[in-house]
Amino acid sequence: MSMISNFLRVSQEELDSFLENSTLLEDRFYNEGNDEDPCMLDIDKAWDGIIYLLTGKSIQGIDMSDQSGLHTIILSGQLIDPEQDMGYGPAHYLTPDQVQELSATISKETRESMLSRFKPADMHDVYPTIWEEEGEEAFDYVFANFQELQKFYAQAAKENQAVISILN
């Protein structure tokens, strides 16, 4: 079974409704027809590779109590409902202000800056374990998904939206 990461852009009011009643979030994420929802993004299995290229660590090495690190692009540590399992744990969220700040930071990342941090021999604990065998193809896969995530965050920042993320 694989672990993929999905994202949802929402208004502050919608975020508040999910914080109040987390079952509404399950309905929103797992509603048929979400493939066409422009407020949703699926970055497949690239999530831990993105975390590594931004922080130099896999999710296993991240202190999730640090809610200011670049890992928050994927998993913020701020939970909608700690008791709710959305696949591989609870949903995480960032407020519109946090999205603005993070979007500005990640917008500066380029192919060259991320490629300079791509060290397949050091990525043995980064999910999925494809780095050494697939080399630059693996980097291209992660970077393409990162670019989609950059656009997603830029749109959320432009629309003053919150971002919710899950691993499923």
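FYI, it's all coordinate maths here, none of it is from the lab. The shown structure was predicted, so the numbers you read here are calculated from the model rather than taken from an experiment. Backbone-built Cβ (ideal geometry, glycine too); neighbour counts: all protein chains shown.
Odds and ends about this structure:
- Charges were assigned to the Cβ only: +1 to each Lys and Arg, -1 to each Asp and Glu. The resulting dipole of the chain about its Cα centre is roughly 600 debye.
- Calculated Cα extents along the principal axes in Å (choose from (i) 44, 33, 33; (ii) 85, 34, 24; (iii) 49, 31, 30), label: (i)
- Label-zone membership for the range 103-143, site residue 160, 7 angstrom Cα→C-beta point, backbone N under 20 Å: 103-105
- Near residue 86, the amide H atoms lying under 5 Å from its own belong to 91; only residues 5 or more places off or on other chains count, and H is placed 1.01 Å from N.
- Inter-label distance for residue 66 and residue 105, nm, one decimal - labels placed 7 Å from Cα along Cα-to-Cβ: 1.0
- Exposure proxy shown here: for 108, 158, 45, the number of other Cβ atoms within 10 Å sets the order, fewest to most, as 108, 158, 45.
- Proxy reagent accessibility, fewest Cβ within 10 Å first, across 74, 166: 74, 166
- Gyration tensor verdict on the range 44-129 (Cα atoms; rounded if a/c is under 1.5, prolate if a/b is larger than b/c, oblate otherwise): oblate
- When the charge dipole of the range 5-167 is built from unit charges on Cβ atoms (+1 for Lys and Arg, -1 for Asp and Glu) and taken about the Cα centre, the candidate among 10, 51, 116 whose Cα reaches farthest toward its positive end is 116.
- Each residue in 153, 127, 93 was given a count of other beta-carbon atoms within 10 angstrom of its own, and listing them fewest first yields 127, 93, 153.
- Nitroxide proxy distance, nm - points 7 Å out along Cα→Cβ at residue 112 and residue 27: 5.0
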